[in-house]
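**Student:** Can you read through this structure? Questions will come right after.
The values are calculated or read from the model by the stated rules, or taken from the named source; none is laboratory data. For clarity, every value in this text was computed on a predicted model and none was experimentally measured. Cβ placement follows ideal geometry from the backbone for every residue including glycine, while neighbour counts extend to all protein chains displayed. With ligands, DNA and RNA removed, areas are computed over all heavy atoms of the protein, side chains included. Shrake-Rupley method; radii C 1.70, N 1.55, O 1.52, S 1.80 Å.
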Amino acid sequence: MGRSRYRILQSQHPHFLTCTVLNWIPLFTRPATVQIVLDALRYRQQQHNWLIYGYVILENHLHLLVQADDLPNQLAHFKSYTARQLIDYLQSINAERLLQQLSWFRKAHKTDREYQCWEEGSHPQLIDNPEVLRQKLDYIHLNPVKRGYVDLPEHWRYSSARDYAGQEGLLPVYRDWF
């Protein structure tokens, strides 16, 4: 039997997920590419009952604290949809350098496509108590601060840190913990 450390086994609890752009390519440096991800997350909230406890989107990855029924399949659909939208957008603006990278670093076994947007997997970690949830929220919210992008977590536009600081964020955040 395979390891269960990085598998979603209990959808009734939130999970900490990391979605990484292929080869850490800085894909989310344009507001339009970030908006594609935000719109897809909002859609999942509205149509598939995702409870997003927290998030941060950086230039080459995003972190989510999320709970949803059938989360493994839901996450696969999210990544597939956003990949298609991102690639279509990059093609529409003739972002040849980025497209070349998404093609060059595509895994060899991905023979059914020209480009690959996301790394495989998301390293899900079960969150089963409020202390761990708070620890993961602090981690994701401090990510842009530790990188030197902002001085305070709530200054990062693409983060739920604003919601937890009493400001309006870009996505609704579920704050009724356990």
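**Student:** So Trp156 fits all but one of (1) crowded, with 20+ Cβ neighbours inside 10 Å; (2) under 28 Å from Pro72 (Cβ atoms); what number is the exception?
**Tutor:** (2)
**Student:** State yes or no: is Glu131 outside any helix (DSSP H, G or I) and among the acidic types (Asp, Glu)?
**Tutor:** no
**Student:** Tell me, please, whether a residue that is modelled with pLDDT of 95 or more, open to solvent by 10 Å² or more (accessible area, probe 1.4 Å), out of contact with any Leu (no Cβ under 8 Å at 6 or more places or on another chain) and not small (Gly, Ala, Ser) can be found in segment 107-124.
**Tutor:** no
**Student:** Just a yes or no: is a residue in segment 81-88 more than 18 Å from the chain's Cα centre (by Cα) and surrounded by fewer than 21 Cβ atoms within 10 Å (Cβ to Cβ)? First the steps, then the outcome.
**Tutor:** Of segment 81-88, the ones more than 18 Å from the chain's Cα centre (by Cα) are 88.
Next, from what is left, pick out any that are surrounded by fewer than 21 Cβ atoms within 10 Å (Cβ to Cβ): 88.
Scanning segment 81-88, I find at least one residue that is more than 18 Å from the chain's Cα centre (by Cα) and surrounded by fewer than 21 Cβ atoms within 10 Å (Cβ to Cβ), so the answer is yes.
**Student:** Another question, then. Which members of segment 134-153 meet the condition of being in contact with a Leu (Cβ under 9 Å, 6 or more places away or on another chain), open to solvent by 20 Å² or more (accessible area, probe 1.4 Å) and not in a loop (DSSP other than H, G, I, E, B)? Let's see the steps before the verdict.
**Tutor:** Keep residues of segment 134-153 that are in contact with a Leu (Cβ under 9 Å, 6 or more places away or on another chain), which gives 136-137, 140, 143-145, 147, 149, 153.
Filter once more, so that each one left must be open to solvent by 20 Å² or more (accessible area, probe 1.4 Å): 136, 145, 147, 149, 153.
Of everything in segment 134-153, those that are in contact with a Leu (Cβ under 9 Å, 6 or more places away or on another chain), open to solvent by 20 Å² or more (accessible area, probe 1.4 Å) and not in a loop (DSSP other than H, G, I, E, B) turn out to be Lys136, Val145, Pro153.
**Student:** Taking interchain pairs and intrachain pairs at least six residues apart, which have beta carbon atoms under 7 angstrom, with the first residue in segment 29-53 and closer than 16 Å to Asn73 by Cβ and in contact (Cβ under 8 Å) with a residue 12 or more places away in the chain and the second open to solvent by less than 30 Å² (accessible area, probe 1.4 Å) and of a type in the set (D, E, K, R)?
**Tutor:** Trp50/Arg44
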